[in-house]
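**Q** Structure incoming, see below.
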Amino acid sequence: MYGLINQAIQAHVESRYGAAAWRRGCAAAMLEEPAFLTLESYPDSVSYALVAAVAKETGLSPAVVLEDVGRLFTGFAASRGYEDLLRATGSSFAQFLTNLDLLHSHVGGAYPELRPPSFRVSELQEDCMRLHYYSTREGLASMVIGLLHGAAERFELTLEVVHDVRCGEGSDHDEFAVRFALRSGAAHADKTHP
Ligand code: HEM
């Protein structure tokens with residue numbers, strides 16, 4: 001995956017566990033402390049090895065590490081120049097999730113080897129929806145759960161996510177039942193729907 005993703009893993013580990021933990025994680029993943037380049041594409045195995053090494057280092061499961069990275073990712077991307085794109089992707093949570101494929105196709109201009117995920121919203125209601133996630137990769141559903149929480153924060157929402165359909169278990173993709181509500185004390189009117 002592109003260096004942007006590995007940089008997000010690095011940013012998460014360094015901010016939560018410190019630079020030494022990141023160095024130990026890299027060593028365990030058999031990587032010399034790497035300086036990932038945002039626009040360079042690395043083998044997926046590098047990202048998976050980093051997540052596995054960080055999980056071992058912190059005593060967490062790889063799924064929890066991926067979820068944590070997902071939570072941070074939107075803010076991380078915003079700090080890397082993508083705030084305008086994120087804002088243009090939707091003025092409500094539902095619209096934002098509906099437009100995720102457009103977001104990745106915009107991003108694709110700078111990342112020619114991008115193999116983006118694909119998302120589809122169905123059963124949209126006032127306070128819930130079903131999100132379908134298609135990927136050419138395995139094992140990243142936990143990152144999607146974190147990504148959804150991170151995105152919900154932008155809209156001052158609280159979120160419940162249930163991963164109730166798993167790719168490979170009778171389905172060609174993952175599905176999440178997503179329930180959302182405006183956070184108490186949130187400043188703005190309705191950020192849930194367009
Ligand atoms: C401006 C913000 C964003 C940027 C710049 C961005 C960019 C990227 C890039 C470069 C990759 C690596 C793909 C590859 O190397 O082939 C990626 C993967 C991914 N992105 Fe985004 N992304 C953004 C926002 C989001 C959001 C908001 C979500 C979901 C809520 C999301 C979901 C994913 C997932 C799940 C993957 C893993 C790839 C896979 O599932 O196969 N991204 N993104």
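**Q** Using the count of nearby Cβ atoms within 10 Å as a rough guide to exposure, how do E57, E123, E169 rank from fewest to most?
**A** Ordered by Cβ neighbours within 10 Å, fewest first: E169, E123, E57.
**Q** Could you tally the net charge around Y133, taking each other residue with its Cβ under 10 Å from the Cβ of Y133, Lys/Arg +1 and Asp/Glu -1?
**A** With Lys, Arg at +1 and Asp, Glu at -1, the neighbours total -1.
**Q** Normalise the Cα radius of gyration of region 114-171 by 2.2 N^0.38 Å (N = residues in it) and let me know the number.
**A** My calculation over the Cα atoms of region 114-171 gives 1.18.
**Q** Using 7 Å Cα-to-Cβ label points, what is the A177/Y17 separation (nm, one decimal)?
**A** Taking the two extended label points, one gets 3.3 nm.
**Q** By count of other Cβ within 10 Å, fewest leading, how are E138, E67 ordered?
**A** E138, E67
**Q** About the Cα centre of the chain, what is the dipole size in debye to 20, counting +1 per Lys and Arg Cβ and -1 per Asp and Glu Cβ, all else neutral?
**A** Around 320 debye, computed over the chain.
**Q** Mind listing the long-range amide H neighbours of L157? Cut-off is under 5 Å, sequence gap 5 or more, other chains count too, H placed in the peptide plane at 1.01 Å from N.
**A** Counting only residues 5 or more places away or on other chains, the set is R183.
**Q** Same structure, new question: Just how far, in whole angstrom, is region 1-78 from region 120-144 if you go by their alpha carbon centroids?
**A** What the calculation gives is 23 Å, centre to centre.
**Q** Select from L37, L148, L66 the residue whose mean-square fluctuation is largest in a Gaussian network model of the chain (Cα-Cα springs shorter than 10 Å).
**A** In the Gaussian network model the winner is L37.
**Q** Still on this model: Given all pairs of different Cα atoms, what value in angstroms does the Kirkwood hydrodynamic radius of region 1-103 take?
**A** Every distinct Cα pair counted, the radius reaches 14.4 Å.
**Q** To continue, here is another question. Obtain the radius of gyration and the Kirkwood radius of the chain from its C-alpha atoms and give Rg over Rh.
**A** Checking Rg against Rh, the ratio lands at 0.96.
**Q** If you don't mind, another one. Please state the relative contact order of the chain as a whole percent: Cα pairs under 8 Å, 6+ residues apart?
**A** This gives 20 percent for the chain.
**Q** If I model region 3-60 as equal point scatterers sitting on the Cα atoms and use the Debye formula, what is log10 I(q)/I(0) at q = 0.15, 0.16, 0.27, 0.31 Å⁻¹?
**A** Here log10 of I(q) over I(0) equals -0.35, -0.40, -1.18, -1.50.
**Q** Right, something else. For each of C167, C128, count neighbouring Cβ atoms within 10 Å of the residue's Cβ, then give the residues from fewest to most.
**A** C128, C167
**Q** Taking springs between alpha-carbon atoms closer than 10 angstrom, which of G150, G81, G70 fluctuates most in the Gaussian network model of the chain?
**A** G81
Coordinate-derived values only; no laboratory data. Just so we're clear, the structure is a prediction, and the values are computed from it rather than from any experiment. All Cβ positions, glycine included, derive from the backbone under ideal geometry; neighbour counts span all protein chains shown.
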